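Read the structure below first, then the notes.
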Amino acid sequence: MQTCITDSAEEAARILNAGKIVAFPTETVYGLGAGIDFPEAVEGLFRAKGRPSDNPLIVHVSSVEQVEMAAARVTTDARRLMEGFFPGPLTIVFPKSPRVRHSVTAGLETVGIRCPRHPVARLFLSRCCCPVAAPSANRSGRPSATTWEAVREDLDGRIDAILKGEPSRIGLESTIVDCTGPHPVMLRAGAVSLEELQSIVASTTAARPLEEGETPKSPGLKYPHYAPEAEIIPIEKGDMPSPEGRAAYIGTAPPPRGMAFVEQCIDLETYARSLFHFFRECDRRAISTIYCELPPTAGIGRALLDRIKRAAGHK
Ligand code: TXA
Ligand code: MG
């Protein structure tokens, strides 16, 4: 299959509306989209990514009004969170409407819905003939793609089109909050922090850590994620390990000595934005060990810490 690379949101939407698979930029990470009314394209998404079919997809909409196409019910709490954070880097889990097929939700009766803020994403989604199911645009198990070149690296020849855009501004996937229970529960940390969610709905909690063998509410969280080839070693800020092999470092503090590749970030936002791109760059440079400074757990730091721990946990 030939992958068309375009910077026209209209052209990309025309391709999707013909039942095809199109990657597109968002402010979190790039998404790999198929219209929810095109079951074959949705199946094709799982194949293109090599994604297990029990891992549900997030449905993307261009406006708050479109949420009603995919959600069966919107609770008061969900409405308030939507008013606070849509469009933006937040996914809300609702009871699903009948229009959303089980192939999108991996059999669940709930659906995660996100309305991105990115202007190119919004233009693209507004030209699509239905809401768009989209996982992150990476091969399963790889770090999420934060540039169109990273999408091409993973998926060239496996998808129909890539809508080009700038590198993703946030660089980590959206916060996921489940609004199907008695009070909102944050299932995945992201750029919308727990504190921000609580400032709108005070009863919001973070999902407690899983017990051994327990199934997570967010099925994707059981899979290895965000992982480069190298071994990831989290270190405290300012620690100076003695590197073995070809080592790399990313963090805000000055790097330890003896690193083959270094990224010192001016703040936590830059660290978050750079992480996945850095992981991919480390693979290209055949790095064997990556030292990641442990961020504080406030604000975006919680999401960053989560991704670093997941990447460290896969080996
Ligand atoms: O920022 C993002 O969220 C990006 C962009 C493209 O929007 N998307 C993304 O999708 O990260 P993906 O498929 O890589 O991660 C989606 C996560 C998975 O862990 C999945 O299990 C969870 O969302 N999820 C999807 N639907 C769900 C649902 N109904 N209930 C609980 N978790 C759900
Ligand atoms: Mg993903």
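Before moving on, here are some points about what is shown:
- Checking the stated criteria, L275 turns out not to satisfy the condition of being over 30 Å from E149 (Cα atoms), under 24 Å from the mean Cα position of the chain (by Cα) and open to solvent by less than 20 Å² (accessible area, probe 1.4 Å).
- Selected residue (criterion: nearest to R117 (Cα to Cα)) from residues of region 47-88 that are within 16 Å of ligand 2 (Cβ to nearest atom) and surrounded by fewer than 19 Cβ atoms within 10 Å (Cβ to Cβ): N55
- Only a single item in (1) assigned to a strand (DSSP E or B); (2) closer than 20 Å to V93 by Cβ is not met by A23, and it is number (2).
- Near pairs, Cβ below 7 angstrom, 6+ apart or cross-chain, from region 144-162 (not assigned by the TED database to the domain that holds C282) to any residue that is in a strand (DSSP E or B) and surrounded by fewer than 24 Cβ atoms within 10 Å (Cβ to Cβ): D160/C4; A161/C4; A161/T6; I162/I5
- Just so you know, in region 295-314 the residues that are among the aliphatic types (A, V, I, L, M) and open to solvent by less than 10 Å² (accessible area, probe 1.4 Å) include one that is farthest from T270 (Cα to Cα), and it is A311.
- Considering (1) outside any loop (DSSP other than H, G, I, E, B); (2) under 19 Å from A41 (Cα atoms); (3) within 12 Å of ligand 1 (Cβ to nearest atom), the lone condition that R152 does not fulfil carries the number (3).
The values are calculated or read from the model by the stated rules, or taken from the named source; none is laboratory data. Every value quoted in this text rests on a predicted model; they were computed, and no experiment measured them. Glycine also receives a Cβ, built like all others from the backbone with ideal geometry; neighbour counts cover every protein chain displayed. We work out accessible area using only protein heavy atoms, side chains counted, and drop any ligands, DNA or RNA first. Shrake-Rupley method; radii C 1.70, N 1.55, O 1.52, S 1.80 Å.
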